[in-house]
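This report refers to the structure that appears directly beneath it.
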Amino acid sequence: MKTGLQQNAGLRQELKVNPRLYQAMDLLYMPLLDLQQHLKQELLTNPFLELVEPDEEDDEAPDADEPATEAQDLTEPEATAEPEPEKTGDDDVDWEAVLLDGFETGGQREEHEQREWYEPVTVDTRDLADHLTEQLSLLELTPRQAILAEEFVGNINDDGWLACPLEEIQRGVNEWLLKEAEERDIDGEVPVFTDTEMLRMLQIIQDLDPAGVGARDLRECLLLQLRAAGRRDALAYRLVEESFEELIAHRWSELSKRFGISAQDVQGAADEIAKLDPKPGLRFSAGNDNYIIPDLVVEKIDGHYHIFLNDGNLPRLKLSRTYQEIARDKKRFDTESKDFIASKLNSANWMIQAIEQRRQTMLKVMHYIVDRQRDFFERGVQALKPLTLREVAEAVGMHESTVSRVTNEKFVQTPRGVLPLKFFFSSGLATADGDDVSARGIKDQIEKLVGGEDPKNPLTDQAIVEILQQTGVQIARRTVAKYRDQLGVLPARMRKRV
(Lines give C-alpha, C1' and ligand atoms only; values in the text may rest on other atoms or scores of the structure.)
Protein backbone atom coordinates (compact mmCIF):
# COMPACT_ATOMS: atom_id res chain seq x y z
CA MET A 1 0.00 0.00 0.00
CA LYS A 2 1.48 3.31 -1.09
CA THR A 3 1.44 6.15 1.41
CA GLY A 4 1.69 9.87 0.75
CA LEU A 5 -0.25 13.06 0.11
CA GLN A 6 -2.68 13.13 -2.78
CA GLN A 7 -4.99 15.71 -4.35
CA ASN A 8 -8.35 14.76 -5.83
CA ALA A 9 -10.85 16.94 -7.66
CA GLY A 10 -14.54 16.40 -7.05
CA LEU A 11 -17.96 18.03 -7.03
CA ARG A 12 -20.40 17.98 -4.16
CA GLN A 13 -23.47 19.83 -3.00
CA GLU A 14 -23.40 21.47 0.40
CA LEU A 15 -26.18 23.43 2.06
CA LYS A 16 -25.02 26.33 4.24
CA VAL A 17 -27.72 27.86 6.34
CA ASN A 18 -27.78 31.61 6.65
CA PRO A 19 -27.81 32.95 10.23
CA ARG A 20 -30.97 34.90 9.43
CA LEU A 21 -32.73 31.63 8.71
CA TYR A 22 -32.10 30.58 12.30
CA GLN A 23 -33.28 33.97 13.48
CA ALA A 24 -36.50 33.49 11.51
CA MET A 25 -36.99 30.13 13.21
CA ASP A 26 -36.42 31.72 16.61
CA LEU A 27 -38.94 34.49 15.94
CA LEU A 28 -41.65 32.02 14.96
CA TYR A 29 -40.91 29.86 18.00
CA MET A 30 -40.85 32.67 20.58
CA PRO A 31 -43.87 33.20 22.83
CA LEU A 32 -45.06 36.78 23.21
CA LEU A 33 -43.03 37.67 26.33
CA ASP A 34 -39.80 36.28 24.85
CA LEU A 35 -40.38 38.14 21.60
CA GLN A 36 -41.04 41.35 23.51
CA GLN A 37 -37.69 41.04 25.29
CA HIS A 38 -35.91 40.10 22.06
CA LEU A 39 -37.16 43.19 20.22
CA LYS A 40 -36.10 45.43 23.09
CA GLN A 41 -32.62 43.92 22.84
CA GLU A 42 -32.57 44.52 19.08
CA LEU A 43 -33.42 48.18 19.65
CA LEU A 44 -30.35 48.50 21.86
CA THR A 45 -27.95 46.82 19.46
CA ASN A 46 -29.09 48.13 16.06
CA PRO A 47 -29.02 51.93 15.57
CA PHE A 48 -31.13 51.67 12.41
CA LEU A 49 -34.14 50.49 14.42
CA GLU A 50 -36.37 52.79 16.41
CA LEU A 51 -39.81 52.69 17.98
CA VAL A 52 -42.90 53.85 16.14
CA GLU A 53 -44.36 56.69 18.16
CA PRO A 54 -48.01 56.46 19.27
CA ASP A 55 -49.13 59.28 16.96
CA GLU A 56 -47.47 57.50 14.02
CA GLU A 57 -49.25 54.25 14.91
CA ASP A 58 -52.57 56.07 14.97
CA ASP A 59 -51.93 57.44 11.50
CA GLU A 60 -50.85 54.17 9.90
CA ALA A 61 -52.36 51.32 11.90
CA PRO A 62 -55.90 50.04 11.37
CA ASP A 63 -58.66 51.21 13.66
CA ALA A 64 -58.49 49.33 16.95
CA ASP A 65 -62.22 48.82 16.86
CA GLU A 66 -61.94 46.93 13.58
CA PRO A 67 -60.38 43.51 14.19
CA ALA A 68 -57.81 42.32 11.71
CA THR A 69 -59.55 39.06 10.99
CA GLU A 70 -57.66 38.38 7.79
CA ALA A 71 -53.91 38.45 7.39
CA GLN A 72 -54.14 40.63 4.30
CA ASP A 73 -56.03 43.34 6.20
CA LEU A 74 -52.97 44.19 8.26
CA THR A 75 -51.00 47.24 7.19
CA GLU A 76 -47.43 46.88 6.11
CA PRO A 77 -44.80 48.27 8.47
CA GLU A 78 -43.35 51.67 7.74
CA ALA A 79 -40.10 50.09 6.62
CA THR A 80 -41.64 49.09 3.30
CA ALA A 81 -41.87 52.75 2.29
CA GLU A 82 -38.21 53.44 3.02
CA PRO A 83 -35.52 53.39 0.36
CA GLU A 84 -34.01 49.95 -0.07
CA PRO A 85 -30.74 49.42 1.76
CA GLU A 86 -27.47 48.74 0.07
CA LYS A 87 -27.38 45.29 -1.50
CA THR A 88 -25.64 42.45 0.29
CA GLY A 89 -25.36 38.74 -0.32
CA ASP A 90 -28.52 38.17 1.72
CA ASP A 91 -30.69 40.00 -0.82
CA ASP A 92 -30.64 36.94 -3.08
CA VAL A 93 -32.71 34.99 -0.55
CA ASP A 94 -36.50 35.08 -0.75
CA TRP A 95 -37.14 35.42 2.97
CA GLU A 96 -40.92 35.32 2.65
CA ALA A 97 -40.72 32.01 0.82
CA VAL A 98 -38.32 30.70 3.45
CA LEU A 99 -40.70 31.63 6.26
CA LEU A 100 -43.65 29.97 4.58
CA ASP A 101 -41.93 26.87 3.22
CA GLY A 102 -40.24 25.71 6.40
CA PHE A 103 -36.72 25.20 7.62
CA GLU A 104 -35.64 21.73 6.56
CA THR A 105 -31.97 22.62 6.52
CA GLY A 106 -29.84 19.70 7.65
CA GLY A 107 -26.37 20.37 8.93
CA GLN A 108 -25.36 21.95 12.20
CA ARG A 109 -26.42 25.28 13.62
CA GLU A 110 -23.67 27.82 13.76
CA GLU A 111 -23.28 30.40 16.49
CA HIS A 112 -24.10 33.58 14.65
CA GLU A 113 -24.60 36.15 17.35
CA GLN A 114 -24.46 36.66 21.08
CA ARG A 115 -27.71 37.45 22.80
CA GLU A 116 -28.44 38.76 26.20
CA TRP A 117 -31.23 36.89 27.96
CA TYR A 118 -32.88 38.27 31.04
CA GLU A 119 -33.93 35.90 33.79
CA PRO A 120 -37.04 36.83 35.78
CA VAL A 121 -36.22 38.31 39.17
CA THR A 122 -37.75 36.27 41.97
CA VAL A 123 -38.51 37.41 45.48
CA ASP A 124 -36.75 35.82 48.44
CA THR A 125 -38.49 32.56 49.33
CA ARG A 126 -37.84 29.90 51.95
CA ASP A 127 -37.46 26.40 50.60
CA LEU A 128 -37.68 23.10 52.49
CA ALA A 129 -33.99 23.14 53.46
CA ASP A 130 -34.39 26.62 54.99
CA HIS A 131 -37.49 25.48 56.86
CA LEU A 132 -35.72 22.44 58.31
CA THR A 133 -32.51 24.33 59.16
CA GLU A 134 -34.51 26.96 61.03
CA GLN A 135 -36.15 24.28 63.17
CA LEU A 136 -32.83 22.55 63.83
CA SER A 137 -31.33 25.85 65.03
CA LEU A 138 -33.92 25.90 67.83
CA LEU A 139 -32.80 22.50 69.12
CA GLU A 140 -29.91 21.97 71.51
CA LEU A 141 -27.64 19.97 69.25
CA THR A 142 -24.02 19.11 69.92
CA PRO A 143 -21.43 20.15 67.32
CA ARG A 144 -21.33 16.55 66.05
CA GLN A 145 -25.09 16.45 65.76
CA ALA A 146 -25.12 19.80 63.95
CA ILE A 147 -22.68 18.43 61.34
CA LEU A 148 -24.77 15.32 60.88
CA ALA A 149 -28.03 17.28 60.74
CA GLU A 150 -26.63 19.45 57.94
CA GLU A 151 -25.70 16.29 56.02
CA PHE A 152 -29.20 14.90 56.43
CA VAL A 153 -30.88 18.12 55.25
CA GLY A 154 -28.66 18.19 52.18
CA ASN A 155 -29.84 14.71 51.24
CA ILE A 156 -33.59 15.43 51.48
CA ASN A 157 -35.17 15.95 48.05
CA ASP A 158 -37.95 18.34 47.04
CA ASP A 159 -40.58 15.71 47.86
CA GLY A 160 -39.37 15.68 51.47
CA TRP A 161 -37.98 12.16 51.27
CA LEU A 162 -34.47 11.05 52.17
CA ALA A 163 -32.80 10.74 48.80
CA CYS A 164 -30.22 8.07 49.67
CA PRO A 165 -29.74 5.22 52.17
CA LEU A 166 -28.43 5.93 55.68
CA GLU A 167 -25.29 3.93 54.89
CA GLU A 168 -24.32 6.36 52.09
CA ILE A 169 -24.88 9.40 54.30
CA GLN A 170 -22.83 7.77 57.07
CA ARG A 171 -19.99 6.87 54.70
CA GLY A 172 -19.93 10.34 53.15
CA VAL A 173 -19.90 12.28 56.43
CA ASN A 174 -17.25 9.97 57.92
CA GLU A 175 -14.99 10.42 54.88
CA TRP A 176 -15.35 14.19 55.25
CA LEU A 177 -14.59 13.93 58.99
CA LEU A 178 -11.40 11.93 58.44
CA LYS A 179 -10.24 14.26 55.66
CA GLU A 180 -10.74 17.30 57.90
CA ALA A 181 -8.75 15.65 60.66
CA GLU A 182 -5.91 14.86 58.25
CA GLU A 183 -5.78 18.41 56.88
CA ARG A 184 -5.70 19.88 60.38
CA ASP A 185 -3.07 17.37 61.65
CA ILE A 186 -5.27 16.21 64.50
CA ASP A 187 -3.49 13.57 66.57
CA GLY A 188 -5.23 10.50 67.86
CA GLU A 189 -8.11 8.47 66.60
CA VAL A 190 -11.01 10.46 65.19
CA PRO A 191 -14.41 9.19 66.41
CA VAL A 192 -16.54 8.50 63.36
CA PHE A 193 -20.33 8.58 63.31
CA THR A 194 -21.89 5.33 64.52
CA ASP A 195 -25.05 3.54 63.45
CA THR A 196 -26.70 4.63 66.70
CA GLU A 197 -25.93 8.31 65.98
CA MET A 198 -27.33 7.93 62.47
CA LEU A 199 -30.61 6.45 63.69
CA ARG A 200 -30.93 9.06 66.42
CA MET A 201 -30.46 11.89 63.92
CA LEU A 202 -32.96 10.28 61.53
CA GLN A 203 -35.51 10.34 64.35
CA ILE A 204 -34.76 14.01 65.04
CA ILE A 205 -35.22 14.90 61.37
CA GLN A 206 -38.45 12.90 61.10
CA ASP A 207 -39.89 14.74 64.08
CA LEU A 208 -39.61 18.06 62.26
CA ASP A 209 -42.33 19.84 60.32
CA PRO A 210 -43.84 18.96 57.86
CA ALA A 211 -44.99 15.58 59.09
CA GLY A 212 -43.52 12.84 56.93
CA VAL A 213 -40.27 14.64 56.13
CA GLY A 214 -37.17 12.47 56.08
CA ALA A 215 -39.10 9.34 55.13
CA ARG A 216 -37.25 6.69 53.16
CA ASP A 217 -40.27 5.41 51.25
CA LEU A 218 -44.01 6.00 50.85
CA ARG A 219 -44.97 3.58 53.61
CA GLU A 220 -42.75 5.33 56.16
CA CYS A 221 -43.98 8.74 55.00
CA LEU A 222 -47.61 7.77 55.68
CA LEU A 223 -46.76 6.20 59.04
CA LEU A 224 -44.95 9.36 60.16
CA GLN A 225 -47.98 11.50 59.28
CA LEU A 226 -50.41 9.19 61.08
CA ARG A 227 -48.11 9.15 64.09
CA ALA A 228 -47.89 12.95 64.14
CA ALA A 229 -51.71 13.12 63.99
CA GLY A 230 -52.01 10.86 67.06
CA ARG A 231 -53.43 7.98 65.01
CA ARG A 232 -50.92 5.33 66.02
CA ASP A 233 -53.64 3.10 67.48
CA ALA A 234 -56.01 3.60 64.55
CA LEU A 235 -56.89 0.98 61.94
CA ALA A 236 -55.33 3.17 59.25
CA TYR A 237 -51.93 2.92 60.99
CA ARG A 238 -52.18 -0.86 61.26
CA LEU A 239 -53.11 -1.21 57.60
CA VAL A 240 -50.12 0.81 56.45
CA GLU A 241 -47.72 -0.87 58.88
CA GLU A 242 -48.79 -4.49 58.45
CA SER A 243 -50.51 -4.81 55.04
CA PHE A 244 -49.26 -2.01 52.83
CA GLU A 245 -49.06 -4.04 49.59
CA GLU A 246 -52.65 -5.28 49.93
CA LEU A 247 -53.78 -1.77 50.81
CA ILE A 248 -52.39 -0.12 47.68
CA ALA A 249 -53.90 -2.97 45.60
CA HIS A 250 -57.36 -2.20 47.06
CA ARG A 251 -57.89 -5.77 48.28
CA TRP A 252 -60.68 -4.84 50.67
CA SER A 253 -62.11 -8.32 51.12
CA GLU A 254 -58.73 -9.89 51.87
CA LEU A 255 -57.93 -7.17 54.41
CA SER A 256 -61.33 -7.45 56.09
CA LYS A 257 -60.76 -11.17 56.66
CA ARG A 258 -57.21 -10.68 57.95
CA PHE A 259 -58.20 -8.01 60.48
CA GLY A 260 -61.61 -9.46 61.30
CA ILE A 261 -63.54 -6.33 60.33
CA SER A 262 -66.00 -5.35 57.63
CA ALA A 263 -64.92 -4.29 54.15
CA GLN A 264 -66.61 -0.92 54.79
CA ASP A 265 -64.30 -0.31 57.78
CA VAL A 266 -61.27 -1.14 55.66
CA GLN A 267 -62.43 1.22 52.98
CA GLY A 268 -63.08 3.98 55.52
CA ALA A 269 -59.52 3.62 56.82
CA ALA A 270 -58.22 3.67 53.25
CA ASP A 271 -60.13 6.93 52.64
CA GLU A 272 -58.40 8.42 55.70
CA ILE A 273 -55.00 7.35 54.36
CA ALA A 274 -55.79 8.82 50.94
CA LYS A 275 -56.05 12.28 52.55
CA LEU A 276 -52.40 12.17 53.63
CA ASP A 277 -49.68 13.92 51.62
CA PRO A 278 -47.31 11.48 49.89
CA LYS A 279 -44.86 14.31 49.09
CA PRO A 280 -44.94 16.69 52.08
CA GLY A 281 -41.93 18.68 50.95
CA LEU A 282 -43.55 20.01 47.77
CA ARG A 283 -45.49 22.66 49.69
CA PHE A 284 -42.13 24.38 50.28
CA SER A 285 -40.95 23.92 46.71
CA ALA A 286 -39.88 27.18 45.10
CA GLY A 287 -41.95 26.71 41.97
CA ASN A 288 -41.82 29.31 39.24
CA ASP A 289 -44.78 31.60 38.75
CA ASN A 290 -45.68 31.00 35.13
CA TYR A 291 -47.78 33.85 33.81
CA ILE A 292 -49.54 33.17 30.53
CA ILE A 293 -50.17 36.04 28.15
CA PRO A 294 -52.14 34.81 25.13
CA ASP A 295 -50.61 35.52 21.75
CA LEU A 296 -54.04 35.52 20.09
CA VAL A 297 -57.60 36.33 21.07
CA VAL A 298 -60.74 34.76 19.61
CA GLU A 299 -64.02 36.57 20.30
CA LYS A 300 -67.55 35.87 19.17
CA ILE A 301 -69.15 39.07 17.85
CA ASP A 302 -72.62 39.06 16.30
CA GLY A 303 -72.48 35.32 15.76
CA HIS A 304 -69.08 35.41 14.02
CA TYR A 305 -65.68 34.48 15.46
CA HIS A 306 -63.07 37.21 15.09
CA ILE A 307 -59.35 36.75 15.61
CA PHE A 308 -57.07 39.40 17.12
CA LEU A 309 -53.34 39.46 17.64
CA ASN A 310 -52.67 40.27 21.27
CA ASP A 311 -49.47 42.17 20.55
CA GLY A 312 -50.45 45.64 21.69
CA ASN A 313 -47.50 45.77 24.10
CA LEU A 314 -45.05 44.53 21.49
CA PRO A 315 -42.57 47.22 20.38
CA ARG A 316 -43.46 48.56 16.92
CA LEU A 317 -40.28 48.98 14.91
CA LYS A 318 -39.37 51.18 11.97
CA LEU A 319 -36.19 52.20 10.20
CA SER A 320 -34.55 55.30 11.59
CA ARG A 321 -34.68 58.09 8.98
CA THR A 322 -31.84 59.93 10.69
CA TYR A 323 -29.41 57.02 10.46
CA GLN A 324 -30.48 56.31 6.89
CA GLU A 325 -29.56 59.86 5.90
CA ILE A 326 -26.17 59.46 7.55
CA ALA A 327 -25.65 56.10 5.82
CA ARG A 328 -26.34 57.64 2.39
CA ASP A 329 -23.24 59.85 2.67
CA LYS A 330 -20.84 57.08 1.63
CA LYS A 331 -17.87 59.43 1.30
CA ARG A 332 -17.67 59.80 5.08
CA PHE A 333 -16.96 56.12 5.73
CA ASP A 334 -14.17 53.70 4.96
CA THR A 335 -14.77 50.23 3.53
CA GLU A 336 -15.06 48.53 6.92
CA SER A 337 -17.58 51.10 8.16
CA LYS A 338 -19.60 50.76 4.96
CA ASP A 339 -19.82 47.00 5.45
CA PHE A 340 -20.95 47.46 9.05
CA ILE A 341 -23.61 50.02 8.07
CA ALA A 342 -24.89 47.86 5.20
CA SER A 343 -25.09 44.85 7.52
CA LYS A 344 -27.00 46.71 10.24
CA LEU A 345 -29.33 48.39 7.76
CA ASN A 346 -30.19 45.11 6.06
CA SER A 347 -30.62 43.43 9.43
CA ALA A 348 -33.04 46.12 10.59
CA ASN A 349 -35.06 45.97 7.39
CA TRP A 350 -35.20 42.20 7.52
CA MET A 351 -36.23 42.20 11.21
CA ILE A 352 -39.24 44.41 10.47
CA GLN A 353 -40.30 42.18 7.59
CA ALA A 354 -39.81 39.02 9.66
CA ILE A 355 -41.96 40.33 12.52
CA GLU A 356 -44.73 41.23 10.10
CA GLN A 357 -44.46 37.84 8.44
CA ARG A 358 -44.73 36.19 11.86
CA ARG A 359 -47.97 38.06 12.53
CA GLN A 360 -49.40 37.10 9.15
CA THR A 361 -48.43 33.46 9.64
CA MET A 362 -50.02 33.23 13.09
CA LEU A 363 -53.26 34.74 11.79
CA LYS A 364 -53.43 32.32 8.87
CA VAL A 365 -52.92 29.31 11.13
CA MET A 366 -55.41 30.52 13.74
CA HIS A 367 -58.05 31.25 11.09
CA TYR A 368 -57.88 27.70 9.84
CA ILE A 369 -58.04 26.30 13.38
CA VAL A 370 -61.13 28.35 14.19
CA ASP A 371 -62.84 27.31 10.95
CA ARG A 372 -61.98 23.65 11.51
CA GLN A 373 -62.88 23.59 15.20
CA ARG A 374 -65.99 25.78 15.09
CA ASP A 375 -68.05 23.01 16.73
CA PHE A 376 -65.69 23.05 19.68
CA PHE A 377 -66.26 26.76 20.23
CA GLU A 378 -70.00 26.19 20.03
CA ARG A 379 -70.43 22.92 21.97
CA GLY A 380 -67.25 22.11 23.92
CA VAL A 381 -64.51 19.49 24.06
CA GLN A 382 -66.65 16.60 22.90
CA ALA A 383 -67.14 18.36 19.56
CA LEU A 384 -63.39 18.76 19.01
CA LYS A 385 -62.36 17.34 15.63
CA PRO A 386 -59.12 15.52 14.87
CA LEU A 387 -56.49 17.84 13.46
CA THR A 388 -52.86 17.40 12.44
CA LEU A 389 -50.02 19.78 11.67
CA ARG A 390 -49.85 18.38 8.15
CA GLU A 391 -53.51 19.21 7.52
CA VAL A 392 -53.04 22.81 8.63
CA ALA A 393 -49.81 23.14 6.64
CA GLU A 394 -51.47 21.96 3.44
CA ALA A 395 -54.49 24.22 3.96
CA VAL A 396 -52.54 27.44 4.55
CA GLY A 397 -49.70 26.68 2.13
CA MET A 398 -46.87 26.38 4.64
CA HIS A 399 -44.39 23.74 5.63
CA GLU A 400 -45.36 21.41 8.48
CA SER A 401 -42.34 22.48 10.54
CA THR A 402 -43.40 26.13 10.20
CA VAL A 403 -46.86 25.34 11.60
CA SER A 404 -45.22 23.41 14.42
CA ARG A 405 -43.13 26.43 15.40
CA VAL A 406 -46.08 28.79 15.12
CA THR A 407 -48.19 26.67 17.47
CA ASN A 408 -45.49 25.70 19.95
CA GLU A 409 -45.75 27.43 23.35
CA LYS A 410 -48.41 29.81 22.01
CA PHE A 411 -51.71 30.45 23.77
CA VAL A 412 -55.06 31.77 22.60
CA GLN A 413 -57.79 33.40 24.67
CA THR A 414 -61.16 32.00 23.63
CA PRO A 415 -64.74 32.09 24.96
CA ARG A 416 -63.90 28.67 26.45
CA GLY A 417 -60.79 29.81 28.29
CA VAL A 418 -57.10 30.36 27.61
CA LEU A 419 -55.80 27.34 25.72
CA PRO A 420 -52.47 26.32 24.17
CA LEU A 421 -52.62 26.11 20.39
CA LYS A 422 -51.47 22.47 20.69
CA PHE A 423 -54.81 21.77 22.41
CA PHE A 424 -56.56 21.86 19.05
CA PHE A 425 -54.36 19.12 17.59
CA SER A 426 -55.10 15.46 18.30
CA SER A 427 -55.56 12.15 16.53
CA GLY A 428 -59.02 10.93 15.57
CA LEU A 429 -61.29 7.91 15.71
CA ALA A 430 -63.90 6.89 13.17
CA THR A 431 -67.62 6.97 13.88
CA ALA A 432 -70.43 4.84 12.50
CA ASP A 433 -71.65 7.60 10.18
CA GLY A 434 -68.21 8.08 8.65
CA ASP A 435 -67.21 11.23 10.53
CA ASP A 436 -64.15 11.54 12.75
CA VAL A 437 -64.04 12.46 16.42
CA SER A 438 -61.03 13.81 18.31
CA ALA A 439 -59.20 11.60 20.80
CA ARG A 440 -59.36 14.51 23.24
CA GLY A 441 -63.14 14.50 22.94
CA ILE A 442 -63.22 10.74 23.62
CA LYS A 443 -61.14 11.25 26.76
CA ASP A 444 -63.59 13.87 27.93
CA GLN A 445 -66.49 11.43 27.41
CA ILE A 446 -64.65 8.70 29.34
CA GLU A 447 -63.95 11.09 32.19
CA LYS A 448 -67.62 12.08 32.39
CA LEU A 449 -68.78 8.45 32.25
CA VAL A 450 -66.49 7.50 35.12
CA GLY A 451 -67.50 10.59 37.09
CA GLY A 452 -71.17 9.65 36.86
CA GLU A 453 -70.87 5.89 37.46
CA ASP A 454 -72.29 3.91 40.38
CA PRO A 455 -69.38 3.58 42.88
CA LYS A 456 -70.62 0.13 43.90
CA ASN A 457 -70.72 -1.03 40.28
CA PRO A 458 -68.07 0.95 38.35
CA LEU A 459 -67.85 0.80 34.58
CA THR A 460 -65.35 -1.65 33.16
CA ASP A 461 -63.33 -0.79 30.07
CA GLN A 462 -65.55 -3.08 28.01
CA ALA A 463 -68.68 -1.37 29.35
CA ILE A 464 -67.24 2.00 28.32
CA VAL A 465 -66.52 0.59 24.85
CA GLU A 466 -70.14 -0.51 24.48
CA ILE A 467 -71.50 2.87 25.65
CA LEU A 468 -69.26 4.74 23.20
CA GLN A 469 -70.24 2.40 20.38
CA GLN A 470 -73.88 3.27 21.05
CA THR A 471 -72.98 6.89 20.25
CA GLY A 472 -71.33 5.76 17.01
CA VAL A 473 -67.68 5.82 18.16
CA GLN A 474 -65.65 2.82 16.99
CA ILE A 475 -63.04 2.17 19.68
CA ALA A 476 -61.13 -0.83 21.02
CA ARG A 477 -61.02 -1.83 24.68
CA ARG A 478 -57.23 -1.40 24.81
CA THR A 479 -57.65 2.16 23.53
CA VAL A 480 -60.12 2.90 26.31
CA ALA A 481 -57.65 1.45 28.82
CA LYS A 482 -54.87 3.66 27.39
CA TYR A 483 -56.98 6.81 27.55
CA ARG A 484 -58.13 5.93 31.09
CA ASP A 485 -54.50 5.56 32.22
CA GLN A 486 -53.63 8.91 30.63
CA LEU A 487 -56.49 10.50 32.60
CA GLY A 488 -55.20 8.97 35.84
CA VAL A 489 -58.36 6.88 36.32
CA LEU A 490 -57.93 3.55 38.13
CA PRO A 491 -59.32 0.27 36.73
CA ALA A 492 -62.89 -0.63 37.67
CA ARG A 493 -61.74 -3.16 40.28
CA MET A 494 -59.84 -0.47 42.18
CA ARG A 495 -62.63 2.11 41.88
CA LYS A 496 -65.25 -0.19 43.39
CA ARG A 497 -66.82 0.84 46.70
CA VAL A 498 -68.41 -1.63 49.08
Margin query: Give all pairs with beta carbons closer than 6 Å in which a residue from the range 247-269 that is acidic (Asp, Glu) meets a residue that is surrounded by fewer than 17 Cβ atoms within 10 Å (Cβ to Cβ) and modelled with pLDDT of 90 or more; count only pairs at least 6 apart in sequence or on separate chains.
Written below: GLU254/GLU246
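So that you can scan it fast, the table gives a plain yes or no per residue for (1) within 30 Å of ARG493 (Cβ to Cβ); (2) surrounded by 14 or more Cβ atoms within 10 Å (Cβ to Cβ); (3) of a type outside the set (Gly, Ala, Ser):
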| site | (1), (2), (3) |
| --- | --- |
| VAL213 | no, yes, yes |
| GLY260 | yes, no, no |
| ALA269 | yes, yes, no |
| LYS275 | yes, no, yes |
| PRO278 | yes, yes, yes |
| ASP295 | no, yes, yes |
| VAL298 | no, yes, yes |
| TYR305 | no, yes, yes |
Note to self: Return the pair list, or none, for Cβ contacts closer than 7 Å from residues in the range 191-209 that are under 12 Å from LEU166 (Cβ atoms) to residues that are of a type in the set (S, T, N, Q), at least 6 apart or on different chains.
What the structure shows: PHE193/GLN170; PHE193/ASN174; MET198/GLN170; MET201/GLN145
Margin query: Looking only at the range 144-159, how many residues end up being touching a residue at least 40 places away in the same chain (Cβ under 8 Å) and farther than 23 Å from ARG283 by Cα?
Written below: 3
Checklist line | Positions within the range 460-498 being over 20 Å from SER427 (Cβ atoms) and in contact with a helix residue (DSSP H, G or I) (Cβ under 6 Å, 6 or more places away or on another chain), in sequence order | finding: THR460, GLN462, VAL498
Check: Here are some residues: THR479, THR471, THR460, THR388. Which one is among the hydroxyl-bearing types (Ser, Thr, Tyr) and under 21 Å from the mean Cα position of the chain (by Cα)?
Finding: THR388
Margin query: Here is a list: GLU400, GLU394, GLU336. Which entry is modelled with pLDDT of 90 or more and either in contact with a Lys or Arg (Cβ under 7 Å, 6 or more places away or on another chain) or among the acidic types (Asp, Glu) (or both)?
Written below: GLU394
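Just to verify a result, which residue in the range 232-249, among those that are surrounded by 18 or more Cβ atoms within 10 Å (Cβ to Cβ) and of a type outside the set (Val, Ile, Thr), is nearest to GLN203 (Cα to Cα)?
Narrowing the range 232-249 to residues surrounded by 18 or more Cβ atoms within 10 Å (Cβ to Cβ): 235-237, 239-240, 247.
Cutting the leftovers down to of a type outside the set (Val, Ile, Thr) gives us 235-237, 239, 247.
Working: LEU235: 23, ALA236: 22, TYR237: 18, LEU239: 22, LEU247: 26 Å.
That would be TYR237.
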Next item on the list: State whether one or more residues within the range 425-436 are closer than 17 Å to ARG372 by Cα, modelled with pLDDT of 85 or more and not acidic (Asp, Glu).
Entry: yes
Next item on the list: For residues that are modelled with pLDDT under 90 and over 25 Å from the mean Cα position of the chain (by Cα), tally how many sit in the range 361-374.
Entry: 0
Item checked: Contacts under 7 angstrom Cβ, first residue in the range 128-143 being within 15 Å of ASP207 (Cβ to Cβ) and assigned to a loop (DSSP other than H, G, I, E, B), partner among the aliphatic types (A, V, I, L, M) and modelled with pLDDT of 90 or more, 6 or more apart -> LEU141/ALA149
Next item on the list: Can you run down the residue pairs with Cβ atoms below 8 Å, 6 or more apart or on separate chains, where the first is in the range 290-304 and of a type in the set (D, E, K, R) and the partner is exposed (fewer than 13 other Cβ atoms within 10 Å of the Cβ)?
Entry: GLU299/PRO415; LYS300/PRO415
Notebook entry, point to check: Can you name the helices (runs of 4 or more DSSP H) wholly within the range 389-498 that have at least 2 residues being touching a Leu at 6+ places or on another chain (Cβ under 7 Å) and surrounded by 13 or more Cβ atoms within 10 Å (Cβ to Cβ)?
Noted result: 400-407, 439-451, 461-470
Margin query: Among the residues in the range 296-304, are any part of a loop (DSSP other than H, G, I, E, B) and farther than 30 Å from PHE376 by Cβ?
Written below: no
Item checked: Matching entry among LEU166, LEU178, LEU162 (being within 23 Å of PHE284 (Cα to Cα) and among the aliphatic types (A, V, I, L, M)) -> LEU162
Next item on the list: Report yes if GLN145 is at pLDDT 75 or above and under 12 Å from VAL213 (Cβ atoms), otherwise no.
Entry: no
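The values are calculated or read from the model by the stated rules, or taken from the named source; none is laboratory data. Every value quoted in this text rests on a predicted model; they were computed, and no experiment measured them. All Cβ positions, even for glycine, are placed from backbone atoms using ideal geometry, and neighbour counts span all protein chains on display.
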